[in-house]
Amino acid sequence: MEERLRVLIASLIRRGRLEAREVEGGVGLPLQLAVELTRGLPVRLEGDSLVASDAVELILACWRRGFDPVELALRAGWREFERLCARVFEEHGFRALTNVRFSSGGALRELDVVALREPRILAVDCKLWRRARESALRRTVRAHKERCAAFAQAAPAIPRVAAEVARWRSARVVPAIVDLHEVSLKVFEGVPIVPLRKLSSFIEELEAYEGDLLAIPVEGRSEALGGPGA
């Protein structure tokens, strides 16, 4: 039964709607039993179909029930992975923006997730990689650092960001990578590489080890926070 429920959840995350014949034939569960098994999850019955209108909310609810978030995120795809990371930050009191675009040096750049809570701006690169070589991670970190440095200079002119930090006394950009899996490289050049399963604990413990992380002052918000970026 547990395996069939996992198949059902994975199908709902991927497709959003399953008709009764698909639940019964493809998953192997009677529709009413499927309704009972998903009780308490953001899944509803519409006519003879099961509907999950928000894949990220379903992933979070299943994660709380003990489902593997990595398996669920793989089913959801890249954009939903970014939204999932943003929602985790929001659950910890951050204001999270996705797909923040800005211009720097005549080029258009983008950050997957920008999570804001005074005085920190977490600039997150989300990597839905099945597995990554350490050399690839090092290249990714260096590229992300360069992008975050440009972002720190551009931030006061980015409306979505400026509106959030206008009343802050200080602001620093803290680059981070969120990877689907845990890797041997934990921190490289002051940039943490956080596995999805540990994202919540990383956020909760951020202040404890922030002195070891890169922090880039935002132009016009220069009060020091410490760390190697100071």
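Odds and ends about this structure:
- Inter-residue pairs, beta-carbon under 9 Å, first in a loop (DSSP other than H, G, I, E, B) and of a type outside the set (G, A, S) and in the range 211-225, second modelled with pLDDT of 85 or more and open to solvent by 70 Å² or more (accessible area, probe 1.4 Å), 6+ apart: L213/V187; L214/E189; E219/Q153; E219/P156; E223/R169
- First in the range 115-130 and part of a strand (DSSP E or B), second anywhere and acidic (D, E) and open to solvent by less than 10 Å² (accessible area, probe 1.4 Å), Cβ under 6 Å, 6 or more apart: C126/E82; K127/D179
- Residue pairs meeting the criteria (Cβ under 7 Å; at least 6 apart or on separate chains; first in a helix (DSSP H, G or I), in the range 1-18; second surrounded by 15 or more Cβ atoms within 10 Å (Cβ to Cβ) and of a type outside the set (A, V, I, L, M, F, W, C)): A10/R75; I13/R75; R14/R75
- Scan the range 143-167 for residues that are in a loop (DSSP other than H, G, I, E, B) and surrounded by 18 or more Cβ atoms within 10 Å (Cβ to Cβ) and the total you get is 1.
- When residues in the range 149-192 are screened for being modelled with pLDDT of 90 or more and among the hydroxyl-bearing types (S, T, Y), 1 of them pass.
- Evaluation of V161 against (1) farther than 30 Å from R75 by Cβ; (2) more than 18 Å from the chain's Cα centre (by Cα) (one fails), failing number: (2)
- Of the residues making up the range 38-52, just one is under 16 Å from L72 (Cβ atoms) and open to solvent by 30 Å² or more (accessible area, probe 1.4 Å), namely P42.
- Residue match in the range 191-200 (condition: open to solvent by 30 Å² or more (accessible area, probe 1.4 Å) and in contact with a His (Cβ under 8 Å, 6 or more places away or on another chain)): yes
- Number of positions in the range 19-52 that are outside any helix (DSSP H, G or I), over 17 Å from E80 (Cβ atoms) and in contact with a helix residue (DSSP H, G or I) (Cβ under 8 Å, 6 or more places away or on another chain): 9
The values are calculated or read from the model by the stated rules, or taken from the named source; none is laboratory data. Just so it is clear, the structure is predicted and the values come from calculations on it, not from any experiment. Reconstructed Cβ throughout: ideal geometry from the backbone, glycine too, with neighbour counts over all protein chains shown. Ligands, DNA and RNA are stripped out before the accessible areas are found, and what is left, the full protein with its side chains, is counted by its heavy atoms. Shrake-Rupley method; radii C 1.70, N 1.55, O 1.52, S 1.80 Å.
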